[in-house]
Amino acid sequence: MSSLISMKPETINICTFCQKLVIFRRLPQDRPLPRELPHQPDYATLTKSSTTCHMCLAFVSIFSDENIASDWAFRLDVDALVCSPPDFGWLHCEASFRSPSKALKICGVLTIVSRATSIFTAQAEQHHEPSWNDAQTTFDEKIEFIQDCLRQCRSQHASNMCRPTPCRPLRLINVGLDGTTPRLVPGIDAKPHNSNGVVSYAALSHCWGTRQLPLRATRSNVNQLSRSIPSDILPKTFADALEIARRLQIPYLWIDALCIVQDDNQEWQDEAARMDAIYLGSQLTIAAAESPDSSQGCFPFKENGGIEDGEIFFRANISPDVLSRQTDFLVRVYKNDIRRRHEETVLSTRGWTLQEQLLSPRFVSCMSPDVHWICRVQHRIQCGVSLMVFQTFGHVGLRFSQLAIRLITSPRPKEVRLARQLFHDSWRRMVNDYTDREFTYASDRVAAIRGAIRYLHRLLNDDENEPILGLWRKSFALGLAWMRISHRQDVSIHPSGTVHNLPSWTWLACPGQAIYHHWKWEGLESVNREELYERIQIMLLDCRIKWSGAPYTSTLLYAYVRVECPPIREIEMTPFSPGDQHNPPYFQVFGENLSYPGDGSEQTTIPWRCAGQFDAGNMTKGGRYPCMLVKLGFPTFEADHIAEYKDESGSKLDDKSEGPLRARRRRKKVPEMFLILEKVEDDGTHDFGGLISRDENHEEILVYKRIGIAHLESEEGQEVFDTASEKRISVILV
């Protein structure tokens, strides 16, 4: 599809349905979101309308790669709508097509931002927002937007929630506000900007890329860089960051490649260990969000000013039948959710940047066409959209927002419990994100999460809930319930089968993306925490972890945990072709050979009852595996096949049958989640960090390593694992 945009907004005609979307501030406010809005009835009608209506064409373009028939029903739902008088607003809508003949639905997302032009100029001057006279704003206009955001944040956000935590990095770059050449200075010598001795600096978040950096600090050139930083070989991203800092009147800048001597391993370990303090202490973090390496600048050139193919910037002609007074509207139509656009950049695919996004009090995503400003209170987008940070629903905005901080520090016990539950759920979602990111050096995967762990541990303010290699003491059992869903080629595998000889039980050892919350069992998501923990079957007894130096940034010497659990159960599991087509794959268990019914009935229920994933790769052959129960789900009802039931006269029961016979048609199913293990033979040379090797009955404690995780459904009363008896055993996991 050709681009729909012009750099200058052209006046175009759009259909009546789309005109009402443009002036959505006048939509009825008496119904809650999400809600359906009237539009074209089906794909054929929408496609016909798209020949004259560019907004309909934008909807069609979302589905350009899909095979949609002309009779598929079209539906438009709005799930976010913000009106900012006078005459500005935005809405987030989901467009979907549904097949009339089968349960198939295809969805896409658009964000529509509009502003009435008759009052725009005065408002733009008042709020320092872009004039919307062009699809792309200039470098100067982007800096002016950042200046306004910083000024507003410093002056208006209550109790200085975005105030940096004072820090003096080992080195900083003097940006040359006095007209001198930029140079490295010792952090201890940096001049404070107030009487409290606080040093004001910005930090740069950027992609190193695959190219060798043309300039970085080494033992051989660090003294020269302390005299002056040569501008002729300074990467463009670094030069842009220096200019932004100067324009914001921030005297110092921290860039990892220049402020850490890259060939000094000890210095690297020491500075990587305090990365949380460095980003927490910055006035703001400048993020070169769309630059794959340091050569392209903070705002790399993009065709059409960063507006994607199929997006629109135009002036809308509104019919008098839709709006009585004569008003033109400038409209921007964005693909996907504009609130999450800053999370879909190349920078957000890099591992180190997650903690930079999380820790920075103020984070500026340098993007085209719009800069995104995110602090602990507000998310502002250059097009004029402004949200409180908990409305952004991003992995940083919602999950670790100031709302969570307030709840955690609240004196009310109920709010504290709610916040800590939010914290643990959010942490596991962050793991899903983090393990999908890439690293220039795979060994950095452990070091790059240390700052986030330290910060969140302080945030929790709970000394008893210590972090344990990416898991947390008070939710250790649930922390074991991660699953690999993909395999990464850039992660080196140790002969032990894990990453960099890490223990098998932590997600940091997973050679691919690890996720939590794959099996959202009915009942477990809504119960209170006390009921949930009654279903958890593993208890952490002790742990032993030792590093050669600073935790996470030095070499891990050993990591062992001792847990209490129900007796280990051996389960026979066999892979098979139909099961391998699913992710996670299904296994046949206990010698079963289940398949879809052979009576030609519609395949609506998967017959297999065990699905799982091995950590190092797919299962290639069957076998008997020792397994450890992690948690039980609450019993749920499942209807048997209706043809199996007849009344006393031999007639089949229909689905409306009542009474005792109907009760017989429903079975209680109990989900069981368990770790797949491999026994580790103890040759007597390991003391497992001092963990006791015998239980209270003087029996030897068995040692296992994790090799996978699975989920199995059993009929109530026929559960695979014995949880009814009081017998519990101790196991060491390595």
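The values are calculated or read from the model by the stated rules, or taken from the named source; none is laboratory data. What you see is a predicted model, and the numbers here were worked out from it, not measured in a lab. Please note: Cβ atoms are built from the backbone with ideal geometry, for glycine as well, and neighbour counts cover all protein chains shown. In case anyone asks, the SASA skips ligands and DNA or RNA and just uses the protein heavy atoms, side chains included. Shrake-Rupley method; radii C 1.70, N 1.55, O 1.52, S 1.80 Å.
Would you check which residues across segment 608-640 are aliphatic (A, V, I, L, M), modelled with pLDDT of 80 or more and either open to solvent by 40 Å² or more (accessible area, probe 1.4 Å) or part of a loop (DSSP other than H, G, I, E, B) (or both) and list them?
Listed by number, the residues that qualify are 616, 619.
Of the residues in segment 354-375, how many are among the polar types (S, T, N, Q) and at pLDDT below 90?
3
Kindly check whether there is at least one residue in segment 680-688 that is open to solvent by less than 100 Å² (accessible area, probe 1.4 Å), at pLDDT 65 or above and in a strand (DSSP E or B).
No, that holds for no residue.
Residues being touching a Ser or Thr at 6+ places or on another chain (Cβ under 9 Å), open to solvent by 10 Å² or more (accessible area, probe 1.4 Å) and closer than 18 Å to residue 559 by Cβ: count how many of those fall in segment 446-490.
2
Within segment 435-449, can you find the residues that are touching a Phe, Trp or Tyr at 6+ places or on another chain (Cβ under 9 Å), closer than 20 Å to residue 343 by Cβ and modelled with pLDDT of 90 or more?
435, 437, 448, 449
Can you tell me which residue among 661, 653 is in contact with a Phe, Trp or Tyr (Cβ under 8 Å, 6 or more places away or on another chain), at pLDDT below 85 and exposed (fewer than 14 other Cβ atoms within 10 Å of the Cβ)?
Working: 653 fails: exposed (fewer than 14 other Cβ atoms within 10 Å of the Cβ).
When all the criteria are applied, what remains is 661.
Within segment 445-472, take every residue that is without any contact (Cβ under 8 Å) to a residue 24 or more places away in the chain and assigned to a helix (DSSP H, G or I) and give me the one that is nearest to residue 546 (Cα to Cα).
By that ranking, first place goes to 457.
Take the residues of segment 491-512 that are open to solvent by 30 Å² or more (accessible area, probe 1.4 Å) and at pLDDT 55 or above: which is nearest to the chain's Cα centre (by Cα)?
Here the residue is 500.
Going through segment 143-185 one residue at a time, which ones are in a loop (DSSP other than H, G, I, E, B), over 15 Å from residue 201 (Cβ atoms) and modelled with pLDDT of 90 or more?
180, 181
Restricting attention to segment 567-607, report how many residues are part of a loop (DSSP other than H, G, I, E, B) and at pLDDT 75 or above. Reasoning before the result, please.
Taking segment 567-607 first, the residues part of a loop (DSSP other than H, G, I, E, B) are 567-568, 576, 581-585, 590-607.
Narrowing further to those that are at pLDDT 75 or above: 567-568, 576, 581-585, 590-595, 606-607.
Of the residues in segment 567-607, 16 are part of a loop (DSSP other than H, G, I, E, B) and at pLDDT 75 or above.
Among the residues that make up segment 188-200, is at least one of them among the hydrophobic types (A, V, I, L, M, F, W, C), open to solvent by 10 Å² or more (accessible area, probe 1.4 Å), over 27 Å from the mean Cα position of the chain (by Cα) and under 29 Å from residue 292 (Cα atoms)?
No, the conditions are met nowhere in segment 188-200.
Residue 426 - would you say it is at pLDDT 70 or above and open to solvent by 10 Å² or more (accessible area, probe 1.4 Å)?
No; evaluated as a whole, the condition is false for this residue.
Give segment 166-195 a look and list any residue that's at positive phi and either touching a residue at least 12 places away in the same chain (Cβ under 8 Å) or of a type in the set (A, V, I, L, M, F, W, C) (or both), or say none.
So in segment 166-195, the residues at positive phi come out as 176, 179.
Within segment 166-195, 176 is the sole residue that qualifies.
Any chance you could count how many residues in segment 568-589 are in contact with a strand residue (DSSP E or B) (Cβ under 6 Å, 6 or more places away or on another chain) and loosely packed, with under 14 Cβ neighbours inside 10 Å?
Residues flagged as in contact with a strand residue (DSSP E or B) (Cβ under 6 Å, 6 or more places away or on another chain) and loosely packed, with under 14 Cβ neighbours inside 10 Å within segment 568-589 amount to 1.
List the residue pairs whose Cβ atoms are under 6 Å apart, where the first residue sits in segment 575-597 and is among the polar types (S, T, N, Q), the second is surrounded by 15 or more Cβ atoms within 10 Å (Cβ to Cβ), and the two are 6 or more positions apart or on different chains.
Qualifying pairs under 6 Å: 588/574; 588/576.
Tell me which residues, restricted to segment 554-564, are touching a residue at least 60 places away in the same chain (Cβ under 8 Å), surrounded by fewer than 21 Cβ atoms within 10 Å (Cβ to Cβ) and not small (Gly, Ala, Ser).
Result: 556, 558, 564.
Name the one entry in 468, 485 that is under 22 Å from residue 705 (Cβ atoms), hydrophobic (A, V, I, L, M, F, W, C) and at pLDDT below 90.
Step by step, each of 468, 485 is checked, and only 485 is under 22 Å from residue 705 (Cβ atoms), hydrophobic (A, V, I, L, M, F, W, C) and at pLDDT below 90.
Please verify whether residue 240 is within 31 Å of the chain's Cα centre (by Cα), in contact (Cβ under 8 Å) with a residue 12 or more places away in the chain and crowded, with 20+ Cβ neighbours inside 10 Å, treating the condition exactly as stated.
Yes, satisfied.
To keep it simple, each residue is scored yes or no on (1) among the charged types (D, E, K, R); (2) closer than 23 Å to residue 345 by Cβ; (3) at pLDDT below 90; (4) assigned to a loop (DSSP other than H, G, I, E, B).
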residue	(1), (2), (3), (4)
196	no, no, yes, yes
202	no, yes, no, no
220	no, no, no, yes
225	no, no, no, no
230	no, no, no, yes
233	no, no, no, yes
239	no, yes, no, no
244	no, yes, no, no
249	no, no, no, yes
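Could you name every one of the strands (runs of 3 or more DSSP E) located completely within segment 8-115 that has at least 3 residues being modelled with pLDDT under 75, touching a helix residue (DSSP H, G or I) at 6+ places or on another chain (Cβ under 8 Å) and of a type in the set (A, V, I, L, M)?
Of the strands (runs of 3 or more DSSP E) lying wholly inside segment 8-115, none has at least 3 residues that are modelled with pLDDT under 75, touching a helix residue (DSSP H, G or I) at 6+ places or on another chain (Cβ under 8 Å) and of a type in the set (A, V, I, L, M).
Among the residues in segment 519-540, are any acidic (Asp, Glu) and either part of a strand (DSSP E or B) or at pLDDT 90 or above (or both)?
No: zero hits.
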